[in-house]
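Chemist: Handing you this structure, nothing more for now.
The values are calculated or read from the model by the stated rules, or taken from the named source; none is laboratory data. This one's a predicted model, so the numbers in the text were calculated from it and none came from an experiment. When we count neighbours, we look across all protein chains shown, and the Cβ atoms used for this are built from the backbone with ideal geometry, even at glycine. Calculation scope for accessible area: heavy atoms of the full protein, side chains included, ligands and nucleic acids excluded. Shrake-Rupley method; radii C 1.70, N 1.55, O 1.52, S 1.80 Å.
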Amino acid sequence: MNRLWIIVLTVAMTALLTAGCSRQVAPALQGGDHTAGNAKFVVGYTNLDDTDVICTSRKNSLMRYAQQDAGMEIRFADAKGNINKQLDQIDEFIAQKVNAIVILAVDSNEIIPGVKKANAAGIPVIALGNQINGGEFTFIGVPNYDAGKIQGEFMRDRLPPKARILYVQGTNGLYHATERWKGFKEALLDKRPDIILLDSLSGNYDRAEGLKLVENWIRIFPQFDAVIAANDQMAMGAIEALKMSGRLQGVMISGVDGIDDALQAINRGEMSQTLLQDTEGQGKVCYELLQSIARGEKPPKEVMVPFKPVTRDNLAEYLK
């Protein structure tokens, strides 16, 4: 009888141990598989450049939402403006079998092979801020054509007849740089043929480059009425160059992004207009989209977060 009880107890203990082990070992989440046990939903995030104000603002916004979500883990990587580094980071995220990849693309064309690799691995891709010209992904960003259009309409209604202007382009080859220029051209230059575009060159979205570019224009052109820049950093560089030469008075300045420096410049009467890019809203939308992917829902092709025009008339709403 004792031997029988020993056998029964041994069988029961073995069954309990086996069941316990099966509960403790959860299968690893694969790209596109978000249903495995209580494992975290892991996101790989490759930033264009952590030194860029707008890129980092988007990143910080997403981070604030994700930190409150115990079921989500975001692994950040900084491409430092290097497309090869960014492609390597995407390869690493794929090797880690993350559940989704967020890309702030260094280059809209050269990033395509990385996107297609993620597609082949079944990993959803979100293009945040910068559009990508190939592969399957969801785009979250701003209507960049509208940014240029709003700048163009603002100048169209305020510039005097036969005004002479300068346009500081964004980085050549980037989707938003092209779209902002296109919207501006169609809203102003195509509608006001009397306006004279003296020159249009790239300042690579950089304040120092914008300053140097406008310094050179000041030497070449004895008079102009406006400098329109594809972002605020270049607009701030333009203001600095004009102030140093004593040429700021009477020159209208327009930029894009709504950074604090631009808002303060409007407050001082040095800048006419900026367009607030709602990076907080973009981060929130990105987090909500990642949540929906984690629930197994099919993401949309794009989600747009509109620009908010800022001038002296409504500045008080946005000053901190």
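Chemist: Residue check, residue 245 against (1) over 22 Å from the mean Cα position of the chain (by Cα); (2) outside the structural domain of residue 184 (by the TED database); (3) hydroxyl-bearing (Ser, Thr, Tyr), all met but one. Which one?
Modeler: Of the numbered conditions (1) over 22 Å from the mean Cα position of the chain (by Cα); (2) outside the structural domain of residue 184 (by the TED database); (3) hydroxyl-bearing (Ser, Thr, Tyr), the odd one out for residue 245 is (2).
Chemist: Okay, moving on. Is it the case, given these coordinates, that residue 102 is in contact with a strand residue (DSSP E or B) (Cβ under 6 Å, 6 or more places away or on another chain) and free of Cβ contacts under 8 Å to residues at least 40 places away in the same chain?
Modeler: Considered against the rule, which asks whether it is in contact with a strand residue (DSSP E or B) (Cβ under 6 Å, 6 or more places away or on another chain) and free of Cβ contacts under 8 Å to residues at least 40 places away in the same chain, residue 102 comes out as no.
Chemist: I've got another one for you. Of everything in segment 106-122, what is at pLDDT below 95 and open to solvent by less than 40 Å² (accessible area, probe 1.4 Å)? Give them in sequence order.
Modeler: 106, 107, 108
Chemist: With in contact (Cβ under 8 Å) with a residue 40 or more places away in the chain and open to solvent by 40 Å² or more (accessible area, probe 1.4 Å) as the only criterion, which of 80, 97 stands out?
Modeler: Answer to the check: 97.
Chemist: Let me ask something else about it. Which numbered condition in (1) under 20 Å from residue 46 (Cβ atoms); (2) in the same structural domain as residue 226 (by the TED database) is the only one that residue 272 fails?
Modeler: Every condition holds for residue 272 apart from (1).
Chemist: Right, here's the next one. Checking residue 134 against (1) modelled with pLDDT under 95; (2) out of contact with any strand residue (DSSP E or B) (no Cβ under 9 Å at 6 or more places or on another chain); (3) open to solvent by less than 30 Å² (accessible area, probe 1.4 Å), which test does it fail?
Modeler: With respect to (1) modelled with pLDDT under 95; (2) out of contact with any strand residue (DSSP E or B) (no Cβ under 9 Å at 6 or more places or on another chain); (3) open to solvent by less than 30 Å² (accessible area, probe 1.4 Å), residue 134 is out only on (1).
Chemist: Also, I was wondering about something else. Look at segment 253-269 and say how many of its residues are without any contact (Cβ under 8 Å) to a residue 60 or more places away in the chain and either outside any helix (DSSP H, G or I) or not assigned by the TED database to the domain that holds residue 165 (or both).
Modeler: 4
Chemist: For segment 176-191, which residues satisfy the criterion of being modelled with pLDDT of 95 or more and open to solvent by 40 Å² or more (accessible area, probe 1.4 Å)?
Modeler: Within segment 176-191, 181, 182, 185, 186, 190, 191 meet the criteria.
Chemist: Given the condition of a type in the set (D, E, K, R), part of a helix (DSSP H, G or I) and not assigned by the TED database to the domain that holds residue 256, answer yes or no: does some residue in segment 299-310 qualify?
Modeler: For segment 299-310, residues of a type in the set (D, E, K, R), part of a helix (DSSP H, G or I) and not assigned by the TED database to the domain that holds residue 256: absent.
Chemist: Please work out which residue is most open to solvent (accessible area, probe 1.4 Å), limiting yourself to segment 192-220 and to residues that are touching a strand residue (DSSP E or B) at 6+ places or on another chain (Cβ under 9 Å) and among the aliphatic types (A, V, I, L, M).
Modeler: Across segment 192-220, the extreme among qualifying residues is 220.
Chemist: Here's another thing I want to ask about it. From 280, 297, grab the single residue that is open to solvent by 10 Å² or more (accessible area, probe 1.4 Å) and over 17 Å from the mean Cα position of the chain (by Cα).
Modeler: Within the list 280, 297, the selection yields 297.
Chemist: A follow-up question, please. Could you give every pair whose Cβ atoms fall below 9 Å, whose first residue belongs to segment 240-252 and is on the phi > 0 side of the Ramachandran plot, and whose second residue is outside any helix (DSSP H, G or I), counting only separations of at least 6 or pairs across chains?
Modeler: From segment 240-252, the pairs are 250/225.
Chemist: Given (1) modelled with pLDDT of 95 or more; (2) in the same structural domain as residue 66 (by the TED database), where does residue 152 come up short, assuming only one miss?
Modeler: (2)
Chemist: Further, regarding this structure: Checking the condition open to solvent by 10 Å² or more (accessible area, probe 1.4 Å) and under 15 Å from residue 253 (Cβ atoms), which residue from 223, 233, 169 passes?
Modeler: Of 223, 233, 169, the one residue that is open to solvent by 10 Å² or more (accessible area, probe 1.4 Å) and under 15 Å from residue 253 (Cβ atoms) is 233.
Chemist: Let me ask you something else. Which one is farthest from the chain's Cα centre (by Cα) among residues in segment 76-121 that are assigned to a loop (DSSP other than H, G, I, E, B) and β-branched (Val, Ile, Thr)?
Modeler: 98
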